[in-house]
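Here's the structure, in structure tokens; my notes come after.
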């Protein structure tokens, strides 16, 4: 099974790569067919939705770990803060992935 922190880091990297690729306008839109563009946009929506779901699952996992750590070591332990930080980062990235999916979804309409 993939460790949650590996999933979080790989999702963050994937999100950054996709953002850079989109920002660089690597695809020449004029030469892309309408059907090809529709498929590309639909695929992007699916990918971002999947990424958001994985990130929400990672956030939930780290929230649970933070609760458990707080019970074991105290509310302000370094481990508890680290888990809370991981949960927050995953949650923020999930919202960003959802936002990207919504942007692509609007382009499909």
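A few remarks follow.
- Annotation: residue 90 fulfils all but one of (1) surrounded by fewer than 16 Cβ atoms within 10 Å (Cβ to Cβ); (2) part of a helix (DSSP H, G or I); the unmet one is (1).
- Top-ranked residue of segment 1-58 - restricted to ones that are over 19 Å from residue 101 (Cα atoms) and crowded, with 17+ Cβ neighbours inside 10 Å, ranked as modelled with the lowest pLDDT: 7
The values are calculated or read from the model by the stated rules, or taken from the named source; none is laboratory data. Only a predicted model underlies this, so the values are computations on that prediction, with no experimental measurement involved. Every residue, glycine as well, gets a Cβ built from its backbone with ideal geometry; the counts of neighbours run over all protein chains shown.
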